[in-house]
Amino acid sequence: MFFSIDVQSDVAIYLQIVRQVKFAVAAGKIRSGQLLPSARVLAGRLAINPNTVAHAYTQLQNEGVIESLRGRGMVVCEGAAALCRRQRDEALAERIGESLAEAWHAGLTPKKIQTIVDGHLKRLANTPPSVHREADDEP
């Protein structure tokens, strides 16, 4: 399991972990029943405070993404993939919407905005995604 923490980001480290776990679950990289690294182990790998990972795990647990199994650790809940896909799609739609609104209010025409979006998608289509689509994701 690979996490990338950006200490320069405005997003709190524990929220970066939460987002990355959700995105990995949504993409099927982490599956229901799969054991997550302990807070201490993950903190060691990321060179961060174990309390930060524990905070992320608590939030994921409260949201129904992971659960604690006595004597085993934290595992991904049954049904978490659908929940995470829905949350991922909503979060990304919001961020894309904010960028589109900024372009619109900056005076760009719909055609210019579409040209910019199409250009970005064309460039992205030539690079492999970090996470591959699951069969139940739309094309």
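Laboratory data are not the source of any read-out in this text; all were calculated from the coordinates shown. Every value quoted in this text rests on a predicted model; they were computed, and no experiment measured them. Neighbour counts run over all protein chains shown; Cβ positions are idealised from the backbone, glycine included.
A few points about this structure:
- Percent RCO, i.e. relative contact order, over the stretch 13-80, from Cα pairs under 8 Å lying at least 6 residues apart: 39
- Charge tally in the Cβ shell below 12 Å around ILE116, where Lys, Arg are +1 and Asp, Glu are -1, ILE116 excluded: +2
- Summed side-chain charge close to GLN87 - residues other than GLN87 whose Cβ falls under 11 Å, Lys, Arg +1, Asp, Glu -1: +1
- When each of the peptides 9-16, 72-79, 88-95 is scored by the mean number of other C-beta atoms lying within 10 Å of its residues, the order from highest to lowest reads 72-79, 9-16, 88-95.
- Partners of LYS22 within straight-line reach, counting lysines whose Cα lies under 30 Å from its Cα and excluding those fewer than 8 residues away in the same chain: LYS122.
- Local electrostatic count, ALA39, Cβ distance below 15 Å [Lys/Arg +1, Asp/Glu -1]: +2
- The chain: radius of gyration and largest Cα-Cα distance (Dmax), Å: 17.6, 58
- Modelled spin-label separation between GLU63 and ASP10, with each label point placed 7 Å from Cα along the Cα-to-Cβ direction: 1.9 nm.
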